[in-house]
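Novice: Sending over a structure as structure tokens; questions will come in a sec.
The values are calculated or read from the model by the stated rules, or taken from the named source; none is laboratory data. Bear in mind that the values here come from a model prediction, so they are computed numbers and not experimental data. Ideal geometry is used to build each Cβ from the backbone, glycine not excepted, and the neighbour counts take in all protein chains shown. Heavy atoms of the whole protein, side chains included, go into the accessibility calculation; ligands, DNA and RNA do not. Shrake-Rupley method; radii C 1.70, N 1.55, O 1.52, S 1.80 Å.
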Amino acid sequence: MSARPATSYSLRRRLTLMLAAALLVGGVLVSLASASYGRRAADQAFDRLLNGAATQIIEAVIFADDHLAVDIPLSAFQLLSLAPRDRFFYAVLGPDGDLITGDVLPPPPEDAGTYYNTEVNGSAMRFARLDRTFSERGFQGRITVLVGQTTEARSALAAEIRQTALIGLGLAGAVLVALTVLATRAALHPLRLIEEALSARAPQDRHPLDLPVPHEVHRLVQALNQFMERVERILSTNRRMIADASHQLRTPIAGLRAQSELAADEPDPERLRRIVGRIHSRSVDLSRLTDQLLSRAMIIHRADAMPLLPIDLRRVAMEAAQDVSRDLPEAGDQIRLDLAGDPVMAEGDALSLREAIKNLIVNALRHGAPPVRIRAAAWGDEMSVSVADQGPGPQAGPPAPIAGQARSGGLGLHIVAAVLAAHGGRFYGERPESGGYRAIIALPAAHSAQEPAP
Amino acid sequence: MIRARSLLGTLLLGLGLAATPALSAPPGPDFSAMPDQVAQFGNPDAPRHLIIRAAADIAFFTPVIEAFLASRPDSSITWEDWTTNALHSRVQAECTVGIASADLVFSSAADLQVELVNAGCAQPYRSPQTSALPPARNWRDELFGITEEAAVMVFNRRTFPGGAIPQNRFELLDLMRASPELDGRIATYDIGASGVGNLFAFQDSLQASTFGSLLESFGRADVVATCCSVGIVEMIREGRFLVGYNILGSYAYAVARDDPDIEIVLPSDYTLVLHRAAFIPKAALESELAGAFIDFTLSADGRQVLEQEGLIVSSWPDLPGSPIKGEVPAGRLRPIELTPALRLGLDNMKHAAFTRSWNARIKTSPRITLP
């Protein structure tokens, strides 16, 4: 019991690994997304500075005294200084690209929009470009303003955004891991309750577990309870069998002892021979009784231990009838088989059911009146086999279900009752109006319509 | 090492000398600019040699150089003193071709320094000292504001023609209108010759609407624009000029320390404060030593030496007889922050327009040489 199953694994470790993998993938995705978002947000923020400065400069361009003049306002440069670490360049270009004022800059790319990235003296820079068309009396043409900055502030902002996102993710991840550990512990708690409840039990205590468990674990408790119920049933059957056996064996053995004591004191050879004859016949009876007891123990054990398979009860009934005919050749004429046209499918152990039916047939032959009619048919939701004879039945009285312990039926009916209990079926007797007695076993129908086992 | 670098310097100087001044501006980089003075500090055979290219009078920085070298017997320093514009033109030329014949560029023309850093001529330097600087004195970890020097008004009490000494620009305006004896005896920087003069004048034009009327009054009063601070203060002390406007406070302070008649006024409407700014050129050979020099000037020891020289206006030592005592009211000081916004005054059109309106009113006198 203490050996660990070979496929042992830790739920918690598994969950942690899966979570770590999810977090890793999530982290990579979030960092990619936040890097791209951070870059976009930073560009948007600092592009506004460039645009604002360019707008102020281009608005300061005037045409006066026959030439273009620019009186750049201080605020334009102060705006650019809001990116505190960035160097900036600017240029006001005339219609032919000639420099009116500002820095000597590479011309903007042909396909450039309002913003473009370029390199000036080996430094990565981002530029804003604005155009303004003049239609003065002395001057018609387009003025272009270029304002560009190094990218330190926007890179720093982008990095900050990315970092903030990653810190958030890291915190969320830590919380998730902690929650998972707690959740696993909470989820496994009912199992520990069950474990504690079972460990604390006395070995003979097989009462159903009654624990407040979530319904996910409830089925486990149910299964455990069913298992214990089955163990309890087997044990009680065994107990009963031992009690039966000792009871049933004690009388013939006591008789044998009495006869043999009688024989020891008997001087008359003739009477002695008679006594020995009685001893012999009692021994034969005893041997048959022992066979019956062992067979019954085997059958009941099978019924509890074997897996229940789909079987056709017609076939089981037929085999039982054949077995009885073989064992009791003189009874063959008295047995009638009445089988349904369709398969009568139930779940069960064919061997133990066959024994149960054989017992019913033998009982009918031995205690009832011929003919013995065996019927296998579907009966409502149940699949049934009935054994009917023309006799009065086991005992006058109400046609009630036959209890396992009913003494009148002898050993045979105990076997039938035990087998049916193990199959979850019913066993009862009835007296039809047409007379006679009918013993019926009924099993639940098979769950799936399968081909009968070969 | 030293020999090779001196050779490079000589070669460059030679190039400059070879350029023919008669020709119009050559299309390539212009290496013609030359330092006014060169001074050598420390053991010339020391294994490490720092070349500082500065627009800063050697006399003012000698104490800090000597304090720096005191703890570094393995180092020596060459200090070149340039005018701001010449220095700018030379460093720009070197930057264009990717060389650096100096390890540290140090100039009072903060806007020109910003321009060079903006062009990518500097390399970053980070240390606890530079990181502790406020953003206004540290741009990109490349340009550092070393000093705090005010643009002041300077008067000579002895020669001043009666009445109260003006404490701000409004009082100066009133005085100029009321006192014809000041005509031709007010001096300020020539913005064409002095980068720092140009910076102060342009910042004035941004600071207040008084600038227009100030310029107008300057024109009426025949203000003399000349170069440079030391010369102007010296002439005030001698009585040639009565008023100096927008004079670098550190130079005025040095004269006032020896002459109780010199009065320095931090204008109460606003006082511009200049951070003389330093950067390490990208191609500098002794960048580590240059960084150490920057750190020293920013350290407590270095700052104390700078304070003694009057290079930190917020903690000027008391002057005998001077109204400037102890703490300067903080709200009065308007530091010129080291940001790329300083490029505005250097915009071709802006500068041309500004110079035009200046020249329309102020007459420029040739450079005054020290006696």
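Novice: Of the conditions (1) out of contact with any helix residue (DSSP H, G or I) (no Cβ under 8 Å at 6 or more places or on another chain); (2) open to solvent by 20 Å² or more (accessible area, probe 1.4 Å), residue B:237 clears all except one; give me its number.
Specialist: Against the list (1) out of contact with any helix residue (DSSP H, G or I) (no Cβ under 8 Å at 6 or more places or on another chain); (2) open to solvent by 20 Å² or more (accessible area, probe 1.4 Å), residue B:237 comes up short only on (1).
Novice: Would you point out the residue of region B:66-105, among those that are of a type in the set (Val, Ile, Thr) and part of a loop (DSSP other than H, G, I, E, B), that is nearest to residue B:34 (Cα to Cα)? Outline the logic, then answer.
Specialist: Here is the first cut: in region B:66-105, the ones of a type in the set (Val, Ile, Thr) are B:77-78, B:83-84, B:91, B:96-97, B:99, B:105.
Next, from what is left, pick out any that are part of a loop (DSSP other than H, G, I, E, B): B:83, B:99.
On the way: B:83: 9, B:99: 17 Å.
The residue in question is B:83.
Novice: Follow-up question, since we're still on this one. When you scan region B:279-289, do you find a residue that is of a type outside the set (A, V, I, L, M) and under 17 Å from the mean Cα position of the chain (by Cα), even just one? Break it down into steps so the answer makes sense when it comes.
Specialist: Filtering region B:279-289 down to residues of a type outside the set (A, V, I, L, M) leaves B:279, B:281-282, B:286-288.
Subset that is under 17 Å from the mean Cα position of the chain (by Cα): B:279.
Yes: region B:279-289 contains one or more residues that are of a type outside the set (A, V, I, L, M) and under 17 Å from the mean Cα position of the chain (by Cα).
Novice: Go through region A:112-129 residue by residue and tally those that are out of contact with any Leu (no Cβ under 6 Å at 6 or more places or on another chain), surrounded by 12 or more Cβ atoms within 10 Å (Cβ to Cβ) and on the phi < 0 side of the Ramachandran plot. Before the answer, list the steps.
Specialist: First, pick out the residues of region A:112-129 that are out of contact with any Leu (no Cβ under 6 Å at 6 or more places or on another chain): A:112-126.
Filter once more, keeping what is surrounded by 12 or more Cβ atoms within 10 Å (Cβ to Cβ): A:112, A:114-118, A:120-121, A:123-126.
Checking the rest, the ones that are also on the phi < 0 side of the Ramachandran plot come to A:112, A:114-118, A:120, A:123-126.
Qualifying residue count for the region: 11.
Novice: Do we find that residue A:436 is at pLDDT 85 or above and more than 29 Å from residue A:293 (Cβ to Cβ) in this structure?
Specialist: Details: at pLDDT 85 or above: yes; more than 29 Å from residue A:293 (Cβ to Cβ): yes.
In short, yes.
Novice: Condition first: within 14 Å of chain B (Cβ to nearest Cβ) and closer than 15 Å to residue A:98 by Cα. Now tell me which residues in region A:114-145 satisfy that. Outline the logic, then answer.
Specialist: Here is the first cut: in region A:114-145, the ones within 14 Å of chain B (Cβ to nearest Cβ) are A:119-125, A:143, A:145.
Across region A:114-145, the qualifying residues are A:143, A:145.
Novice: Next up: Looking only at region B:334-349, filter to residues that are open to solvent by less than 10 Å² (accessible area, probe 1.4 Å) and part of a loop (DSSP other than H, G, I, E, B); which one of those is farthest from the other protein chains (Cβ to nearest Cβ)?
Specialist: Start the filter on region B:334-349 by keeping residues that are open to solvent by less than 10 Å² (accessible area, probe 1.4 Å), which leaves B:336, B:338, B:340, B:343-345, B:347.
Next, from what is left, pick out any that are part of a loop (DSSP other than H, G, I, E, B): B:336, B:338, B:347.
Numbers: B:336: 13, B:338: 10, B:347: 6 Å.
Residue satisfying both the conditions and the ranking: B:336.
Novice: Can you name every residue in region A:261-288 that is touching a helix residue (DSSP H, G or I) at 6+ places or on another chain (Cβ under 6 Å) and open to solvent by less than 50 Å² (accessible area, probe 1.4 Å)?
Specialist: If the condition is that a residue be touching a helix residue (DSSP H, G or I) at 6+ places or on another chain (Cβ under 6 Å) and open to solvent by less than 50 Å² (accessible area, probe 1.4 Å), then A:263, A:266, A:275, A:279, A:286 are the ones that fit.
Novice: Do we find a residue being at pLDDT 85 or above, under 38 Å from the mean Cα position of the chain (by Cα) and buried (at least 20 other Cβ atoms within 10 Å of the Cβ) anywhere in region A:389-401? Talk me through it step by step, then tell me what you get.
Specialist: Start the filter on region A:389-401 by keeping residues that are at pLDDT 85 or above, which leaves A:389-390.
Imposing the further condition that a residue be under 38 Å from the mean Cα position of the chain (by Cα) reduces the set to none.
Among the residues of region A:389-401, not one is at pLDDT 85 or above, under 38 Å from the mean Cα position of the chain (by Cα) and buried (at least 20 other Cβ atoms within 10 Å of the Cβ), which makes the answer no.
Rundown of residues vs (1) open to solvent by 10 Å² or more (accessible area, probe 1.4 Å); (2) modelled with pLDDT of 85 or more; (3) touching a Ser or Thr at 6+ places or on another chain (Cβ under 9 Å), yes/no style:
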site	(1), (2), (3)
A:303	no, no, yes
A:314	yes, yes, no
A:323	yes, yes, no
A:327	yes, no, no
A:335	yes, yes, yes
A:350	yes, yes, no
A:358	yes, yes, no
A:363	yes, no, no
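Novice: Still on this structure, I have one more. For region B:115-227, please list each of the helices (runs of 4 or more DSSP H) lying entirely inside it that holds at least 1 residues being within 14 Å of chain A (Cβ to nearest Cβ), crowded, with 19+ Cβ neighbours inside 10 Å and hydrophobic (A, V, I, L, M, F, W, C).
Specialist: By residue number, B:195-207.
Novice: Further question: Any idea how many residues of region A:53-111 are more than 13 Å from chain B (Cβ to nearest Cβ) and on the phi > 0 side of the Ramachandran plot?
Specialist: Of the residues in that region, 2 qualify.
Novice: So which of A:231, A:213, A:221 is over 22 Å from residue A:290 (Cβ atoms), outside any helix (DSSP H, G or I) and of a type in the set (A, V, I, L, M, F, W, C)?
Specialist: Values: A:231 fails: outside any helix (DSSP H, G or I); A:221 fails: outside any helix (DSSP H, G or I).
Result: A:213 is the single residue among A:231, A:213, A:221 that is over 22 Å from residue A:290 (Cβ atoms), outside any helix (DSSP H, G or I) and of a type in the set (A, V, I, L, M, F, W, C).
One line per residue, one yes/no per condition, for (1) closer than 24 Å to residue A:105 by Cβ; (2) in contact with a Lys or Arg (Cβ under 8 Å, 6 or more places away or on another chain); (3) surrounded by fewer than 24 Cβ atoms within 10 Å (Cβ to Cβ):
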site: B:67; (1), (2), (3): no, no, yes
site: B:75; (1), (2), (3): no, yes, yes
site: B:82; (1), (2), (3): no, yes, no
site: B:86; (1), (2), (3): no, no, yes
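Novice: Limited to region A:136-165, what total is found for residues that are surrounded by fewer than 19 Cβ atoms within 10 Å (Cβ to Cβ) and assigned to a loop (DSSP other than H, G, I, E, B)?
Specialist: Residues that pass the stated criteria total 4.
Novice: While we're looking at this one, here's another question. Going through region A:215-241 one residue at a time, which ones are surrounded by 12 or more Cβ atoms within 10 Å (Cβ to Cβ) and under 18 Å from residue A:196 (Cα atoms)?
Specialist: Passing the criteria: A:217, A:218, A:220, A:221, A:222, A:224, A:225, A:228.
Novice: Just checking, which of B:33, B:25 is open to solvent by 20 Å² or more (accessible area, probe 1.4 Å), at pLDDT below 90 and not in a strand (DSSP E or B)? Break it down into steps so the answer makes sense when it comes.
Specialist: On the way: B:33 fails: open to solvent by 20 Å² or more (accessible area, probe 1.4 Å).
On inspection, the qualifying residue turns out to be B:25.
Novice: Could you please tell me which pairs satisfy a Cβ distance under 6 Å, a separation of 6+ or placement on different chains, a first residue in region A:171-200 that is more than 30 Å from residue A:227 (Cβ to Cβ), and a second residue that is assigned to a helix (DSSP H, G or I)?
Specialist: A:173/A:23; A:180/A:15; A:180/A:19
Novice: Identify the single condition in (1) exposed (fewer than 15 other Cβ atoms within 10 Å of the Cβ); (2) under 30 Å from residue A:122 (Cα atoms); (3) within 14 Å of chain B (Cβ to nearest Cβ); (4) not small (Gly, Ala, Ser) that residue A:40 does not satisfy, given that it satisfies every other one.
Specialist: Exception for residue A:40: condition (3).
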